[in-house]
Amino acid sequence: MFHNNILLSSAGREFNWELFQSSLMPMILGAIQYTIPLTLFSFAIGMVIALLTALARLSTSKILAGIARVYVSAVRGTPLLVQLFIIFYGLPDLGIVIDPFPSAIIAFSLNVGAYASEIIRASILSVPKGQWEAGFAIGMTQRQALSRIILPQATRVSIPPLSNTFISLVKDTSLASLILVTELFRKAQEMAAREFAFLQLYITAAIIYWIISFLLSLIQGRIENRLERYVAK
């Protein structure tokens with residue numbers, strides 16, 4: 001009955017410019033205060049996890065490689081929403097209570113770390129073995145060859161897929177609304193419930209996400225064009 005009333009109150013409603021203008025700033029503030037910081041922190045931490053995981057996967061140690069493989073398989077094999085709920089709603093059963101924003105950072109970082117580690121690992125493997133041999137030939141250790149020769153080349157290869165991962169993370173942060181993080185989509189939900197203008201406000205949120213993703217795509221394109229200058233023709 002309540003759901004039907006919502007549908008009736010929303011039916012036939014024209015686009016409300018006043019509502020659009022009044023809702024735009026709260027959503028943008030939600031993006032600035034939570035969505036963007038959540039994306040940046042999660043991606044930065046996730047990249048550290050990804051690099052360590054990729055190196056562990058390539059390690060000669062079967063224990064390290066096995067742990068990394070299980071981690072990647074577990075994260076990639078379960079929905080991000082479930083991971084988010086386990087951290088925020090599940091861990092309190094063990095006496096571990098984490099606030100919404102840190103919970104979101106932990107979940108997104110672990111998720112990014114698993115997916116990005118495979119990108120980094122593939123990028124490292126794409127560097128010809130001769131590059132390793134060249135480093136050893138001039139007296140470099142394995143660590144020096146990795147940091148000075150292999151990783152710089154792997155970075156150029158990994159930039160496009162990692163940029164796509166970053167853009168996807170911006171959109172994935174909307175899931176944080178389900179654990180009470182008042183980011184962009186949470187603001188849209190609150191205003192939609194108050195104004196009964198679900199379609200208009202959700203479309204407004206979608207447009208803001210699209211604009212952010214579009215701007216990031218432009219930045220990605222410029223970075224890729226700059227990197228192309230250093231590719232041998």
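Bear in mind these aren't lab numbers, they're just calculated from the coordinates by the rules spelled out. Worth saying up front: this structure is predicted, and the values here are computed from it rather than measured. FYI the Cβ positions are ideal-geometry reconstructions off the backbone, even for glycines, and counts take in every protein chain you see.
I'd like to know if the stretch 126-142 contains one or more residues that are β-branched (Val, Ile, Thr), under 22 Å from Gly46 (Cα atoms) and under 29 Å from the mean Cα position of the chain (by Cα). Break it down stepwise before answering.
So the first thing to find is which residues in the stretch 126-142 are β-branched (Val, Ile, Thr), and the list is 127, 138, 141.
From what is left, the residues that are under 22 Å from Gly46 (Cα atoms) are none.
Looking for residues that are β-branched (Val, Ile, Thr), under 22 Å from Gly46 (Cα atoms) and under 29 Å from the mean Cα position of the chain (by Cα), one finds none in the stretch 126-142, hence no.
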Does the stretch 99-119 include one or more residues that are of a type outside the set (A, V, I, L, M) and out of contact with any helix residue (DSSP H, G or I) (no Cβ under 8 Å at 6 or more places or on another chain)? yes
Show me the helices (runs of 4 or more DSSP H) found entirely inside the stretch 95-212 where at least 1 residues are closer than 28 Å to Ile32 by Cα. 100-126, 151-172, 184-195
Can we say Ser61 is of a type in the set (Ser, Thr, Tyr) and out of contact with any helix residue (DSSP H, G or I) (no Cβ under 6 Å at 6 or more places or on another chain)? yes
Take the stretch 67-94 and flag every residue that is exposed (fewer than 12 other Cβ atoms within 10 Å of the Cβ) and in a loop (DSSP other than H, G, I, E, B). Gly77, Pro79
What are the pairs, 6+ residues apart or on separate chains, where a residue within the stretch 104-123 that is in contact (Cβ under 8 Å) with a residue 12 or more places away in the chain has its Cβ under 9 Å from a residue that is in a helix (DSSP H, G or I) and among the basic types (Lys, Arg)? Asn111/Arg76; Ala114/Arg76; Tyr115/Arg76; Ser117/Arg57; Glu118/Arg57; Glu118/Arg76; Arg121/Arg57; Ser123/Arg156
